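Below is one structure, written out as structure tokens; comments come after it.
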Amino acid sequence: MKTQLFRAGRKMTWAVVLFGLTTLGLVSCSKDDDPVVGAEASVKVIHTIPGTGAVDFYLNSTKQNSAAINFGEATGYIATSNGEKTAEFKTALDNNTVLSVPIDFDGGNYSLFATGIASDNSLTTLLVEDDLQTPTSGKARVRFVHVSPDAPTVNVLGNDSLWVSSRAYKTATDFIEVPGGSYTIKLNNSGDGTNAYTSSVINLASGKNYTLVAQGLVGNTIINPFGLNVLEY
């Protein structure tokens with residue numbers, strides 16, 4: 001199985017953002033290390049496989065993380081060389097291989113999302129190129145990644161203003177700039193408009209890059225239920 005790659009520069013349609021809430025909060029936020037200076041390539045690993053427990057990440061049989069990666073957590077950037085590597089996710093508890101895929105690195109910085117459902121052998125990865133830039137003054141940069149295996153195609157709304165339309169499982173958007181401020185994020189079914197998830201109020205600070213991650217299972221309200229994870233880059 002070849003890892004799917006989303007590169008920056010794909011054409012996406014976003015709407016103008018409105019904001020005005022003042023209550024601050026965050027669904028989930030991870031601030032990790034910057035890309036590794038001097039490395040041919042750097043990769044950040046995000047664990048979004050529901051029900052798997054904590055995992056360890058390996059490249060060409062060498063463990064890359066110092067602490068086990070829990071569901072929804074991201075590693076710092078890991079330095080690697082260009083070319084094809086074997087990426088493996090193993091259970092931290094007993095070192096069983098959960099997922100093994102080839103990945104071809106071609107310079108730059110990446111986020112690697114592990115997702116799918118173990119019980120139906122649909123485990124897979126999504127590799128997204130990280131186009132990290134300093135936002136315009138007063139702005140934050142935001143993108144959306146959909147890695148919830150049983151969730152519908154969704155529209156993303158910030159403070160009830162449409163940000164992006166019809167994003168399906170295993171897709172990602174480019175970064176866009178929005179005014180720094182407080183937002184309630186909604187994920188609505190793009191087919192019938194019904195609400196699938198509403199976040200608490202989150203703060204998107206000016207000068208920061210964020211990835212909004214739809215993860216977990218719609219059909220499971222106990223273990224890793226469907227929700228939104230906010231990763232700060």
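The values are calculated or read from the model by the stated rules, or taken from the named source; none is laboratory data. Source: prediction; values computed, not measured. Virtual Cβ from ideal backbone geometry, glycine too; neighbours counted across all protein chains shown.
Note on region 177-197: residues that are closer than 16 Å to Ser165 by Cα and either among the acidic types (Asp, Glu) or surrounded by fewer than 17 Cβ atoms within 10 Å (Cβ to Cβ) (or both) total 6. Only one entry of Tyr183, Tyr169 meets the criterion of being in contact with a strand residue (DSSP E or B) (Cβ under 6 Å, 6 or more places away or on another chain), modelled with pLDDT of 95 or more and in a loop (DSSP other than H, G, I, E, B), and that entry is Tyr169.
Assigned to a strand (DSSP E or B), without any contact (Cβ under 8 Å) to a residue 40 or more places away in the chain and farther than 18 Å from Ala74 by Cβ: is that true of Asn155 in this structure? Against the criterion (assigned to a strand (DSSP E or B), without any contact (Cβ under 8 Å) to a residue 40 or more places away in the chain and farther than 18 Å from Ala74 by Cβ), Asn155 qualifies. Look at (1) crowded, with 19+ Cβ neighbours inside 10 Å; (2) closer than 25 Å to Tyr77 by Cβ and you find that Gly207 fails only one, number (1).
Table: residues versus (1) of a type in the set (Gly, Ala, Ser); (2) part of a strand (DSSP E or B); (3) within 17 Å of the chain's Cα centre (by Cα).
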{"residue": "Ile103", "(1), (2), (3)": "no, yes, no"}
{"residue": "Asn109", "(1), (2), (3)": "no, yes, yes"}
{"residue": "Phe113", "(1), (2), (3)": "no, yes, yes"}
{"residue": "Ser119", "(1), (2), (3)": "yes, no, no"}
{"residue": "Leu127", "(1), (2), (3)": "no, yes, yes"}
{"residue": "Asp150", "(1), (2), (3)": "no, no, yes"}
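Counted as qualifying within region 1-97 are the strands (runs of 3 or more DSSP E) with 2 or more residues that are closer than 16 Å to Phe113 by Cβ, among the hydrophobic types (A, V, I, L, M, F, W, C) and at pLDDT below 95, namely 4-6. Screening Thr173 with (1) in contact (Cβ under 8 Å) with a residue 40 or more places away in the chain; (2) under 15 Å from the mean Cα position of the chain (by Cα); (3) within 18 Å of Thr3 (Cβ to Cβ) gives one miss only, at (3). In the set Asp192, Asp174, only one residue is at pLDDT 95 or above, outside any strand (DSSP E or B), closer than 23 Å to Thr134 by Cα and not small (Gly, Ala, Ser); that residue is Asp174. For region 195-233, filtering for residues that are at pLDDT 95 or above, assigned to a loop (DSSP other than H, G, I, E, B) and among the β-branched types (Val, Ile, Thr) leaves 1.
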